[in-house]
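Any read-out appearing in this document is the output of simple, stated calculations on the displayed coordinates, not a laboratory observation. The structure displayed is predicted, hence computed values, not measured ones. Neighbour counts are summed over all protein chains in view; Cβ atoms, including those assigned to glycine, are modelled from backbone coordinates with ideal geometry.
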Amino acid sequence: MIDFSIDAPLPASVTRRGFMFVLSSPSGAGKSSITRALLERDASLTLSISTTSRRRRPGETEGKDYNFVSSEDFQIMINEGKFLEHAKVFGNYYGTPVASVKQQIEAGENVLFDIDWQGTQQLKATARDDLVSVFILPPSYRALEQRLKKRNQDSDAEVAKRMAKAADELSHFAEYDYVIINSDLEQAVDEVYAILQAERRKRARMNGLTNFVRELQDGF
Ligand code: 5GP
């Protein structure tokens, strides 16, 4: 397989602008597995670590999965304008820290976001040109339920709450640029990766092309 994450070298006068690559889905549709696989496959991708007021689950690491803060501290951070976007999901706050994302994009890096539809709408409103969004759908209701139960990290009440919320979350699929149905994880990862690689090569993300083409024309 060709490794498309390694670009053919660009002329020195041409640079590439990165973008925000958002993956959203109802809980249990396989988004975390896809996120993990993408980060392994594409070294140019960095993960935006969100801040949340929800409690840390077993196996989660502070600073790696989330930055965990109290609800009070989250409110203070909202007031101080520390978030690019934020939303309340399942009664807890989640937000994307504003620091670093802008610099990363300018530097040509692609930043992966695992955020919900509310956050995606906010990013769309403020940075449409730098946003590529993908919605992951489960292949069936049953598959979603089974995945949530298998995860077994949340209580039964939490699973029920998330299932009830899934129907509402699903209704936002049409707000996304791309939709992937995750019936086979490997295939879903391939498809999301293909989107990522095509989007990286968009003309609008390349700076200096006009001058480069002018120089080419001068050679004729
Ligand atoms: P979980 O509690 O399962 O880690 O995440 C619950 C939901 O919150 C997921 O749908 C996830 O995409 C969303 N989420 C995580 N971080 C953020 C964030 O920074 N902003 C927004 N808007 N949603 C987030």
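Quick one: work out the % antiparallel among DSSP beta bridges in the chain, nearest 5. Present the calculation step by step, with values, prior to reporting the outcome.
Numbers: 10 of 29 bridges.
The antiparallel proportion sits near 35 percent.
Mind checking which aspartates and glutamates have their Cα closer than 18 Å to the Cα of K161? Skip sequence neighbours fewer than 8 apart in that chain.
D116, E145, E169
Which one of T46, T35, G59 is farthest out on the positive end of the charge dipole of region 26-68, using unit charges on Cβ (Lys, Arg +1; Asp, Glu -1) and the Cα centre as origin?
Positive-most Cα among the choices belongs to G59.
Please give me the summed charge of the neighbours of G95: other residues whose Cβ is under 9 Å from its Cβ, Lys and Arg +1, Asp and Glu -1.
Numbers: positive: K82; negative: E85.
Net charge around G95: 0.
Which of rounded, prolate or oblate describes the chain when judged by the alpha-carbon gyration tensor and an a/c cut-off of 1.5?
Working: a/c = 2.30, a/b = 1.59, b/c = 1.44.
Prolate.
Using a Förster distance of 45 Å, how high is the FRET efficiency between A174 and E215, based on the Cβ-Cβ distance and rounded to 0.05?
Working: r = 43 Å, r/R0 = 0.96.
Approximately 0.55, to the nearest 0.05.
When only Cα pairs under 8 Å and 6 or more residues apart are kept, what is the percent relative contact order across the chain?
With pairs under 8 Å counted, the relative contact order is 32 percent.
Can you tell me the order of 181-193, 106-118 when each peptide is scored by its average per-residue count of other Cβ atoms within 10 angstrom, highest first?
Details: 181-193: 16.4, 106-118: 19.1.
Ranking the peptides 181-193, 106-118 by packing returns 106-118, 181-193.
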